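Structure record follows, encoded as structure tokens.
The values are calculated or read from the model by the stated rules, or taken from the named source; none is laboratory data. Everything numeric in this text was worked out from a predicted model, so none of it was measured. Backbone-built Cβ (ideal geometry, glycine too); neighbour counts: all protein chains shown. Just the protein is used for accessible areas: all its heavy atoms, side chains included, with ligands, DNA and RNA removed. Shrake-Rupley method; radii C 1.70, N 1.55, O 1.52, S 1.80 Å.
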Amino acid sequence: MICYSCNEAVRGPVCVGCSALQPPGLALDPFVLLGVPRRFHLDGAKIDEGYRSMAKRVHPDKFAARPAVERRMSLQWTASLNEARRVLKDPDKRARLLATGQAEPREKGGPKLDPAFLAEIFDWREQDEESPGALSDLARVREGDLRAELDTIFTAWESGAGDLTLVEDRLARLKYVTGLVREHVS
Amino acid sequence: MANIGIDLGTTNSLVAVVMSGKARCLLDETASPLLPSAVRYDDGSVVVGRDARDQAAAHPARTFTSVKRFMGRAPADCVADAALFRYTMDESEERFVRFAVPGRAPVTPVEVSAEVLKVLRARAIECLFGEPGGAVITVPAYFDDAQRQATKDAARIAGLEVLRLLNEPTAAAIAYGLDKREHGVFAVYDLGGGTFDVSILELNDGIFQVLATAGDTHLGGDDFDRALGEHVLTKAGLDRRDDADHRELLLAVEAAKRRLSDAEEATVTVAGATVTVTRADFDALIRPTVERTGAACRQALSDAKLTADKIDAIVLVGGSTRVPLVRTYVGALFGRAPYTDLDPDQVVALGAAMQADILTGSSQLSDDLLLLDVIPLSLGLEVMGGVVEKFIPRCSTIPFSASQSFTTHVDNQTALDLHIVQGDRELARDNRSLGRFTLRGLPLLPAGIPRIRVEFLVDADGILTVSAKEEHTGIESRIEVKPSYGLSDDEIERMLEDSIDNAETDVDVRLLIEARVEADGILTAVQKALGVDGGLLVPGEKEVIDAVVNALTAALPNDDRKRIADLAHKLDEVTAPFAQRRIERDLTLALSGRDAGEVGKQLGLKDSVARGTLDHTPGGKH
């Protein structure tokens, strides 16, 4: 097979010449693939339904007796489909995808956290030294607040008001406080 | 040509096929479906099955049983098991396990398994009056990448085309689900001779989705035998065990174990002493082993995000589930009595045959059924400090792809070692090492600047391909992960050539048959497609395709393997644009109501395949 992107001969899913994953690739939009609306508030059952109907069309088992080109493409289609479901089923990934176009943080650790937020965490740590357990309690409350804030942002956006500029930062904060909760529970 | 399903078991192996819409196991000349997975290497001949098993005591050094325990494992991990079975490991080989055989070259577990598969293949040829199409071979769900690769290697040496590796519990669920037309959530509890698996599956809308799987590849009925054996020796006041005695003892206790499934007590005679074992004694001996299965069951439920009361039915698989204590334990664990309607020895092979039939594309059973399986253990890369960066979490539905970027840690670092591991422990050294490869020729840049993108792809057999690329320069490295403790292609080729049933001419004949089978498959597919979708052809295309079809049809009966393969390749090539139009049309239908045009554009579909040439051999046998 010839790579669609650099015209080099390619064997397997990834082109040796340009590293392009041969189509259908991961670039596929999960919302389109699963046939669900481009929203944050999604019905999990609808995701599964879209997944099942698509899986029946593209799964490698449906192509086992067909030529290699179809088998290979069906493998990639199904990998994309599985990834799409994984992303849309996870509220944080779904939120990031809507806000930034990518399900994973653009850089490792996500965007830089606001100094005021970090100062607050520092303050929590001090409180925790005086009364152990304070940190995880504060973190848990903040986790709830952040989720509620994200929910509000998306509710407004879905009704045509507001934008998603704050989402990436809030997700980074959420990841941080979730980490704190987990770390201090055990 | 019928596809076959094979259960390659630790203790027994079976082959099944769907005939007249019903799956059935193929029987040997004594009307038994079970082929004991025992192989004896005599001078110049190989004995497989019941004779090898029953005479193991007389030929302990040349007889191999339970080799499934050694498939795809590192020699260092096998020392204890080898000692248990009294096998002499060839210590000069560090990469894979090899057993010494008196008077002949050492053998690998892969070769031993291939001998078992050859007998099953011969049985299929006899019963089907011809070469089987392809085979679906079952593996424990908990088998890692290396163990799966080893199984595929064995099939290749035995001259079988593997259509799919299928997880054993999933096979069992297919057998039950199709048989009963059930809907709901199943737990499959599979306790075999040497492996334990539990899987949670949901059947919904014609799709079998594996929700979670867990298990232990070193837990099974063999452990019951051993516990009973130790007990008998102690009771009899014996401690000296040479090889022959040990084999004899294992056979005797295995028989006693079977009797204890129905009787309240059984006697074991060893070295002239007779020991009586009651059911209660036996239960006490095996309880610790049985209870070890509970942890995996709880793990699977937790991964599936379910509690035991959400399970609609429990299916028992594997001969060891005949043990009454196991049935009681499973009943208590899930709070309901397990299904036992199908023969636990046959259910996996029957399910494999059903999946094999579905994969023919013209199934008599259920065209609408689809199976979605998961990867049992997380896949990751070793990063700084020996920590594992997980790429693909366990219980992800396969096929699956994922990618992540890494960077260098020192200035002007020109090479990056990638160490791929499988498992769920935090440190790489606690997980299974699958392979290492090096991305060389990185540009001279300060630490942290290069961006190395690593991509993982797990196919529908659960087998992994990894590629890595430095994004600034495009330097790339790709491997089909050959497990660190696996066989290389060359080694497999050599084994294929060495293999007694495949003397040189046989190899040629087999390759010719393979070429014909493949060409025939392509011809059939093309003719079917032309019949259904002739309207999708563009002017002039039909003439080109017809010319190749005619040439190939004429070449098929002759013995010129290369010509057949070339023409088949050519046919695949000239029909690629047509195939592409059919896929696009199907996908457009699949996406009807969605923005299909946009989807196609993002994929660059047209471009890629119109220019495509094909390698249509599964597993790339070129």
State which entries of A:K89/B:K305; A:K175/B:K305; A:K62/B:K118; B:K118/B:K152; B:K542/B:K570; B:K68/B:K152 exceed 18 angstrom in Cα-Cα distance in the structure shown. A:K175/B:K305; A:K62/B:K118
With no solvent and one equal point scatterer placed on each C-alpha of chain B, evaluate the Debye formula and give log10 I(q)/I(0) for q = 0.07, 0.10, 0.12 Å⁻¹, two decimals. -0.48, -0.99, -1.39
B:C395, B:C297, B:C127, ranked by accessible area, largest first (probe 1.4 Å): B:C127, B:C395, B:C297
Largest-first ranking of B:H231, B:H183, A:H59 by accessible area, probe 1.4 Å, whole protein assembly kept, is B:H183, B:H231, A:H59
Taking the convex hull of the alpha carbon atoms in the stretch B:1-112, what volume per residue do you get, in Å³? 130 Å³
Given a Förster distance of 41 Å, the FRET efficiency implied by the Cβ-Cβ spacing of B:V79 and A:D90, rounded to the nearest 0.05, works out to 0.45
Once all protein chains are kept in place, A:F122 shows an accessible area at probe 1.4 Å, nearest 10 Å², of 130 Å²
Along principal axes, largest first, the alpha-carbon spread of the stretch A:115-185 in whole Å comes out as 46, 23, 14
Tally Lys/Arg at +1 and Asp/Glu at -1 over every other residue whose Cβ is under 12 Å from the Cβ of A:V181; what's the total? +1
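For B:T88 and B:V387, what is the calculated FRET efficiency with R₀ set at 41 Å and r taken between the beta-carbons, to the nearest 0.05?
Result of the calculation: an efficiency of 0.60.
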Kirkwood Rh over Cα pairs of the stretch B:78-182 into Stokes-Einstein at 4 °C, 1.567 mPa s: D in µm²/s? 82 µm²/s
Could you tell me the calculated FRET efficiency between B:K235 and B:L427, based on Cβ-Cβ distance and R0 = 45 angstrom, to the nearest 0.05? 0.55
Rh (Kirkwood, all Cα-Cα pairs) for the stretch B:201-313, Å, reads 16.5 Å
Residues whose modelled amide H sits under 5 Å from the amide H of B:L371, counting only those 5 or more places away in sequence or on another chain, are B:F208
Ordering A:S131, B:S405, B:S467, A:S159 by how much accessible area each has at a 1.4 Å probe, largest first, what is the list? A:S159, A:S131, B:S405, B:S467
Could you tell me the center-to-center distance, by alpha carbons, between the stretch B:252-325 and the stretch B:378-410 in angstrom? 38 Å
Given a 1.4 Å probe and the protein chains all in place, what does the accessible area of A:W157 round to, in Å² to the nearest 10? 70 Å²
With every protein chain left in place, what is the accessible area of B:L444 in Å² (1.4 Å probe, nearest 10)? 120 Å²
Please check which bits of the stretch B:260-290 a label hung off B:T340 would reach, taking the label as a point 7 Å along Cα-to-C-beta and the cut-off as backbone N under 20 Å. B:260-266, B:278-290
Computed over the stretch B:379-489, the convex hull of the Cα set has an average projected area, in nm², of 7.0 nm²
